[in-house]
Amino acid sequence: MNKQHLRPLTSVRFLAALAVLMLHFGRVSSVEPHGRFMGLAQHGRAGVSFFFILSGFILTFNYREWFRKGVPAAAFKRFAQARFARVYPMHLVVLVAITPVFLWVLSVDDVLWVKAADVHRSHLVPSWIANLLLLQVYVPSITYQKLWNLPAWSVACEAFFYATFPFFVAWVMERFRTLGGLLWLAATCWFVQVVVLLGARFVVFRHHSGGEAYEILDELVYKMPFGRVFEFFIGCCAGEIFLLCRPKILDDRGGRDGLLALGLFGVLGVIAATMKHLPLTEVLYWYALYTPFFALIIVVLGSGPTFLSWLLERPIMILLGEASYSLYMIHWIAILILNHLSDLDHPNAKAKALSIGAAVLCVAVSVLCLKWIETPARTFLRSGEKRPVRGPMAEHGPVVLGRD
């Protein structure tokens with residue numbers, strides 16, 4: 001297996017990150033909330049789903065051999081240390097950096113979502129501690145999930161996924177060793193996530209309506225790891241298929257191009273269905289409709305050259321993909337400042353220009369964070385670690401990039 005083929009999976013992370021930035025910066029750039037751009041930008045929240053699936057795929061590629069026959073304590077400890085080194089240093093640095101910015105913005109002009117929720121100042125300290133410990137997603141409240149560095153909710157979900165990964169490999173996935181069995185397992189995970197999302201939608205809309213109902217769904221389902229873990233499991237199944245029983249069609253350039261086109265057309269189809277306001281798409285597009293197409297795209301891009309290789313294998317794209325975690329984590333600092341500077345009720349060219357400039361600056365700073373914070377911290381924390389049974393590919397990190 002040529003690991004060079006996996007490089008596009010690094011690059012594509014940057015494209016997913018851009019989708020998230022398009023959503024977040026669009027909301028604070030005085031763009032018309034119901035305009036065509038924001039209608040498209042809303043799909044940026046599905047970028048988190050892509051990273052959840054990719055995370056399962058990469059962890060399976062790297063660590064499945066550690067846990068195929070069980071979950072020994074020593075292997076679990078080394079795995080947890082590696083995951084901690086990958087995600088926590090940047091999370092901690094950004095949380096510390098964003099704290100004075102958030103408090104300043106809050107002191108001069110209530111942050112939009114804080115003001116709307118009438119958050120009491122006494123909640124700030126416990127919510128900060130919850131964010132520090134990556135526990136904020138277990139409290140379905142704006143106070144905990146949306147204060148401080150909001151995108152860190154997906155890192156908290158990833159921590160939950162990491163804890164389940166060894167057991168899913170040893171106790172579940174090991175029982176499905178054929179292509180048909182793994183496809184059935186992935187389809188079951190997809191079905192469960194759809195049922196969870198739609199079930200919650202029907203229950204919530206029986207008692208609430210409008211924006212309040214969607215906010216409750218966001219807190220109870222979108223940001224809760226218990227329902228989102230099935231995307232991660234689908235990524236694990238995709239990784240197992242990739243390693244164990246890859247279909248022969250993926251060994252042919254024409255076959256890969258055809259399947260990649262199918263995956264991309266599927267993504268465009270989801271967008272079109274949502275724009276046409278088809279039934280139930282107003283919540284299914286959050287992630288569920290995208291999941292099978294994202295899994296297909298990830299497996300295809302990892303299998304060999306495709307018609308997108310000319311873009312995804314460029315060194316600059318690989319570098320930006322490696323920095324995508326930093327980009328995802330730091331961009332909320334800019335969002336807080338823009339939220340203070342922008343007049344959300346009166347669209348203007350200055351706000352749009354500020355947003356574009358801030359987004360470009362975040363991309364540049366993310367590369368510096370990769371070089372000066374992420375990589376040194378990970379190297380230091382893993383300096384005494386024994387290497388895995390299977391030499392892992394370059395770290396692709398967790399998602400995160402998340403929608404909000």
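The values are calculated or read from the model by the stated rules, or taken from the named source; none is laboratory data. What you are looking at is a predicted structure, and each value in this text was computed from that prediction instead of being measured. Cβ: placed from backbone, ideal geometry, glycine included. Neighbour counts: every protein chain shown. SASA here: full protein model, heavy atoms, side chains in, ligands and nucleic acids out. Shrake-Rupley method; radii C 1.70, N 1.55, O 1.52, S 1.80 Å.
Remarks
- With θ taken as phi - 60° and the Karplus curve 6.51 cos²θ - 1.76 cosθ + 1.60 applied, the whole-hertz 3J(HN,Hα) list for segment 77-93 is 5, 5, 4, 4, 5, 5, 5, 4, 5, 6, 10, 6, x, 5, 4, 5, 4 Hz, x standing for glycine and proline.
- Mean-position separation - Cα centroids, segment 63-103 and segment 222-284, in angstrom: 26
- In nm, spacing of pseudo-spin labels at V108 and Q81 (7 Å Cα→C-beta vector): 4.5
- Cβ-derived FRET efficiency at R0 22 Å, V125 paired with A97, nearest 0.05: 0.80
- Cβ-Cβ FRET estimate between F307 and L280, R0 fixed at 30 Å, reported to 0.05: 0.35
- Close amide-amide hydrogen proximity is noted between L135 and no other residue 5 or more places distant or on a separate chain, at a cut-off under 5 Å (H modeled in the peptide plane; Pro and chain starts excluded).
- Taking Cα centre as origin and charging only the Cβ of basic (Lys, Arg, +1) and acidic (Asp, Glu, -1) residues, the dipole magnitude of the chain rounds to 1260 debye.
- Among 155-163, 62-70, the order from most to least packed when residues are scored by Cβ within 10 Å on average: 155-163, 62-70
- Label-point separation in nm, E174 to L132, each point 7 Å along Cα→Cβ: 3.9
- Scaled radius of gyration (Cα, divided by 2.2 N^0.38 Å) that the chain gives: 0.95
- Full-extension gain in nm, D251 to R314, via 0.36 nm per residue minus C-alpha separation: 20.5 nm
- Once the Cβ-Cβ distance of L40 and E212 is raised to the sixth power relative to R0 = 22 Å, the FRET efficiency obtained is 0.35.
- Near A170, once Lys and Arg are set to +1 and Asp and Glu to -1 for all other residues with Cβ below 12 Å from its Cβ, the sum equals +2.
- Summary of packing: across the peptides 286-293, 86-93, the per-residue average of other C-beta atoms within 10 Å ranks them, highest first, as 286-293, 86-93.
- Distance between the pseudo-spin-label points of L244 and F265 (7 Å out from Cα toward the beta carbon): 3.1 nm.
- Annotated for the chain: lysine pairs at least 8 residues apart or interchain, Cα distance under 26 Å, count 15.
- Here the chain has 69 percent of its accessible surface on carbon and sulfur atoms, given a 1.4 Å probe and all protein chains in place.
- Cβ crowding within 10 Å averaged over residues, with 327-334, 209-216 ranked highest first: 327-334, 209-216
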